[in-house]
Structure formats: structure tokens, C-alpha cells
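The values are calculated or read from the model by the stated rules, or taken from the named source; none is laboratory data. Just so it is clear, the structure is predicted and the values come from calculations on it, not from any experiment. Ideal geometry is used to build each Cβ from the backbone, glycine not excepted, and the neighbour counts take in all protein chains shown.
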């Protein structure tokens, strides 16, 4: 006996229904795990070499005001720093750093108004610098394991002039230099950075970059002459550093 087509279809569907229900019960459960951002604390250390340091000039102050100008610069040298930071996500991170450097500084200032025409004060010293900065970075994605970044920072620098030596023209009012003392103090500073990091492992990355730091002006030397004193100020400095260091992801 032939069954009508519609009835045959209903019988086949009824026979397949229990098997389908059994398959659904035994099917593996599929869950979606939330994607966690790459965030957390890290520490950093680095060494730096100053490839070009420049001063904004110098000026000489006396009892009668601004007596003249000159130049004051730094030699190229090495420095080092360390800090701790926090990564918010794959794009943004911040850190606070402390950096120390010691440089040979030297220059000359015109003191015609004090000593007579053609006179100048030649100076040499060691310039010790401690930088304290808060920095913000933007990581620009990772290509073949390399993560380029840019950043900016603001902070304060403690400048100290030590082991000061000076010479000057003789004659006129400058016939006796009684003393010369280096000055020190805190100044505002800001920095701009660019570089790239490469992950050596899941917790350690090597970091190479460039750092520009501008430090505001302040007192440099105080020169004592017979009957009067002169104060030499620098007008600020620009430091250009090439840095190489390591970043350690903290647990």
C-alpha cells in the first residue's frame, strides 16, 4: 500500500526527532571568554648617551643689573635612569622615572661693564643633574615583534654646579677674584620621546629610543671680586639622549 506523500513525510520527521534531540543533549557547550586587556605594572632601567647638548646662553648679573651675556654648554656624556609604570591597555601607559647624569660644563661671559672693555670670565665646572619625570606613552601597534612608541613627560630637574674654576682678564675693577662658588637648585623640565620595544619573553622587553629634554634656566656660579659679586646664570639647556634599556613586567 502506498502512503500519501504528506503522511510519509510526517512519519520520517517523527522518526528523526528523537535522534536529533539526543544529539543536542550530547553536543559540547560553547563558551566565549572575555578578552583581557594587556594591563599591569612594569619596571624599567636604561642607560643613555648624550649625542648633543646645547645651552641657551648665559648672563651676568651685578649690583647694577644685567651686565652682559655669554655662552655655557655641556659635553657629551653618559647617564642612567630607572622607573616604575603602569600599562592601561595595548595603547596607553604611564611611568615615573628618576635619572642621573654628570657632565663637564664650560663657557665664557662678557664682563665689560664690570671690568672694562675686552674682559670676559671663563668658567669650567662639573654639572650634576637629577631628573624626576612623569611620562605618558602611546604604543603604536606591534609589527614583527617590534612595538614603536611616542611619549611626552613633564617634571623637575635638580642642577648642581660643582668643582668650579674660573679665569678672567686682569686690570680695572677685576684685579682680584676672591671666590667662585657653584650654585644649585630645582628647575622645571619637559621631555619628548620616541623609540621601539622588542619582547624577549612574556615579561622582559628591550627598549631603544631617543629622548629630548629641555631644562629651564637658573643660577650657575657666583663670583666674588674685591668689593662686589657677580652672579652668572644659564638660560636653560637642551639634552638629546640615545637610550637603551629593559622593561620588566611585574606580577
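The table below gives the values:
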| item | result |
| --- | --- |
| Selection from segment 137-151 of residues that are exposed (fewer than 15 other Cβ atoms within 10 Å of the Cβ) and within 15 Å of the chain's Cα centre (by Cα) | 138, 150 |
| Residues of segment 157-191 classified as modelled with pLDDT of 80 or more and not in a strand (DSSP E or B), total | 1 |
| Condition met for residue 52 (modelled with pLDDT under 95 and more than 30 Å from residue 235 (Cβ to Cβ)) | no |
| Residue in segment 78-92 that is surrounded by 18 or more Cβ atoms within 10 Å (Cβ to Cβ), part of a strand (DSSP E or B), more than 16 Å from the chain's Cα centre (by Cα) and at pLDDT below 65 present | no |
| Residue count, segment 122-156 (criterion: part of a strand (DSSP E or B) and farther than 18 Å from residue 221 by Cβ) | 22 |
| Residue in segment 192-202 that is under 18 Å from residue 132 (Cα atoms), in contact (Cβ under 8 Å) with a residue 24 or more places away in the chain and assigned to a strand (DSSP E or B) present | yes |
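Residue by residue, here is whether (1) surrounded by 14 or more Cβ atoms within 10 Å (Cβ to Cβ); (2) closer than 17 Å to residue 183 by Cβ; (3) out of contact with any strand residue (DSSP E or B) (no Cβ under 6 Å at 6 or more places or on another chain) holds:
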| residue | (1), (2), (3) |
| --- | --- |
| 196 | yes, no, no |
| 199 | yes, no, no |
| 209 | yes, no, no |
| 213 | yes, no, no |
| 222 | yes, yes, no |
| 230 | yes, yes, no |
| 237 | yes, yes, no |
| 250 | no, no, no |
